[in-house]
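The values are calculated or read from the model by the stated rules, or taken from the named source; none is laboratory data. Because the structure is a prediction, the values reported are computed rather than measured. So basically every Cβ, Gly included, is an ideal-geometry build from the backbone, and we count neighbours across all protein chains shown. Only protein heavy atoms, including side chains, enter the accessible area calculation; ligands, DNA and RNA are left aside. Shrake-Rupley method; radii C 1.70, N 1.55, O 1.52, S 1.80 Å.
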Amino acid sequence: MPKTPALRILTGESAGSIVQLTKDVPQVFGREPSADICLPEKRISRRHAQITWDSHAKRITLEDLQSLNGTYVNGVLIESPVFLKAGDRIQMGSFLLEFDEHSDGIREEPSESSKETRGKRKIEEALLELSDIQVKQAENRISEISEVQEQTGGRLIGGKLSEISLPDLLQLFATTRKTGHLVVSKHKILFAPKGAPKDKKKIFTSLYIENGILIHAEYGTIFGFDAFLESLKLEGGFFALFPHLNFNVSKPLNLPLEVALLDGLRRLDEMRAFTKEPVAEDMFDVNIDSDWSSLEPDQLKIFQLIWKQKKVGAVWALSPLDRKTTNYIIKELLRKNFLRPA
């Protein structure tokens, strides 16, 4: 079977589903069941956007149909038709889709009735695994799920980190000025958690966001920006965004998500540089404001070589020390903030 262009749904209950495009026939995205590609959410317009596969011109065009909340490609609001390329990410409401130029197969979008049945079955299965007291607590919170779903257009925003990385997700939330309680966990998220988990193996991250601003972060017993750093280390698991109401914290971070991401990723790069063995392709800058007089003679030699050469491979070639010792000194200079990754 020949491969055809398709869209992969990255978020929500249908995360992982594939929607194939139809050759030379415009397909409309919309919340109505009659739409060619149905995205059932209140923030999706009835006729939200249109995608067209022109097989003769060999290009895929995406056009917003004057929707109320707009259509974004790679985090940028589109104001005129755009041509899609492999890997482009499209956002409408809470839905995130990725364009794939060549994809085999399709998994049908589940109907609303099948979603409701599947949701009830998930709750029933979860209740069977709980103790009697926990069952009562869970039953009392089922009504809370309905309230949360109503506030988010009838469904929670959620998905798998294997489909979208947390930095990409946060960048999306920053661009769309999202508000909510973002929960990230290695385990499936059934309810918005309250308080720290009793099982230390089930620690989750909570990020509180208002209009694209990071207000507060929690990870087990870690709070603030350190907790945000822990969340950026996660590479797998699940995420869900819940509404948060009347949330107060004594020392809010009040960091735009873009700023928090840039600072957080930079810090993680530096932390990893301290522990990993330098390789020939690594490049470093020197901190010229540091106190060089505190350096030992061998450390000063390596510091000066990096200042001139930057690339580790060139430093190895010119170093008067063996490679193992040179690498050890480079890591020490990083740890003491004399160097930073270029």
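With the structure loaded, tell me whether residue 231 is of a type in the set (S, T, N, Q) and part of a loop (DSSP other than H, G, I, E, B) or whether it fails that test. Taking the combined requirement at face value, the residue does not satisfy it.
Within segment 299-322, the set of residues being of a type outside the set (Phe, Trp, Tyr), open to solvent by less than 60 Å² (accessible area, probe 1.4 Å) and farther than 10 Å from residue 339 by Cβ comprises 299, 300, 305, 312, 313, 314, 315, 319, 321. Can you work out which of the residues in segment 30-39 that are open to solvent by 30 Å² or more (accessible area, probe 1.4 Å) and of a type outside the set (A, V, I, L, M, F, W, C) is nearest to residue 157 (Cα to Cα)? Per the criteria, the residue is 31.
Residue count for segment 299-338 under the criterion of being touching a strand residue (DSSP E or B) at 6+ places or on another chain (Cβ under 8 Å) and farther than 15 Å from residue 279 by Cα: the result is 4. Just wondering, is there one or more residues in segment 283-292 that are open to solvent by 90 Å² or more (accessible area, probe 1.4 Å), among the aromatic types (Phe, Trp, Tyr) and in contact with a helix residue (DSSP H, G or I) (Cβ under 7 Å, 6 or more places away or on another chain)? So far as segment 283-292 goes, yes, one or more of its residues are open to solvent by 90 Å² or more (accessible area, probe 1.4 Å), among the aromatic types (Phe, Trp, Tyr) and in contact with a helix residue (DSSP H, G or I) (Cβ under 7 Å, 6 or more places away or on another chain). Highlighted here are the strands (runs of 3 or more DSSP E) found entirely within segment 163-225 that include at least 1 residues which are at pLDDT 85 or above and open to solvent by 40 Å² or more (accessible area, probe 1.4 Å): 205-210, 213-219. Out of 57, 49, one residue alone is open to solvent by 40 Å² or more (accessible area, probe 1.4 Å) and of a type in the set (Gly, Ala, Ser). It is 57.
Exactly one residue among 50, 66 is free of Cβ contacts under 8 Å to residues at least 60 places away in the same chain, within 26 Å of residue 177 (Cβ to Cβ) and in a loop (DSSP other than H, G, I, E, B), and that residue is 66. Out of everything in segment 283-327 that is of a type in the set (Ser, Thr, Tyr) and outside any helix (DSSP H, G or I), what residue ends up being nearest to the chain's Cα centre (by Cα)? Filtering segment 283-327 for residues that are of a type in the set (Ser, Thr, Tyr) and outside any helix (DSSP H, G or I), the one nearest to the chain's Cα centre (by Cα) comes out as 290.
Restricting attention to segment 39-47, does a residue exist that is of a type in the set (Lys, Arg), touching a residue at least 60 places away in the same chain (Cβ under 8 Å) and part of a loop (DSSP other than H, G, I, E, B)? Within segment 39-47 (the criterion being of a type in the set (Lys, Arg), touching a residue at least 60 places away in the same chain (Cβ under 8 Å) and part of a loop (DSSP other than H, G, I, E, B)), the answer is yes, since at least one residue qualifies. Going by the conditions given, is residue 331 closer than 25 Å to residue 266 by Cα, open to solvent by 40 Å² or more (accessible area, probe 1.4 Å) and touching a residue at least 40 places away in the same chain (Cβ under 8 Å)? It is true that residue 331 is closer than 25 Å to residue 266 by Cα, open to solvent by 40 Å² or more (accessible area, probe 1.4 Å) and touching a residue at least 40 places away in the same chain (Cβ under 8 Å).
Within segment 209-263, the set of residues being acidic (Asp, Glu) and in contact (Cβ under 8 Å) with a residue 60 or more places away in the chain comprises 235, 258.
Do we find a residue being modelled with pLDDT of 85 or more, open to solvent by 30 Å² or more (accessible area, probe 1.4 Å) and closer than 19 Å to residue 157 by Cα anywhere in segment 13-29?
Our first condition is that a residue be modelled with pLDDT of 85 or more; within segment 13-29, this holds for 18-29.
Narrowing further to those that are open to solvent by 30 Å² or more (accessible area, probe 1.4 Å): 20, 22-26.
Keeping just the survivors that are closer than 19 Å to residue 157 by Cα gives none.
The answer is no, given that none of the residues of segment 13-29 is modelled with pLDDT of 85 or more, open to solvent by 30 Å² or more (accessible area, probe 1.4 Å) and closer than 19 Å to residue 157 by Cα.
Among residues of segment 174-190 that are over 14 Å from residue 260 (Cβ atoms) and touching a residue at least 12 places away in the same chain (Cβ under 8 Å), those with a Cβ under 9 angstrom from a residue that is open to solvent by 20 Å² or more (accessible area, probe 1.4 Å) and among the polar types (S, T, N, Q), sequence gap 6+ or separate chain, pair up as 176/69; 177/211; 179/211; 180/152.
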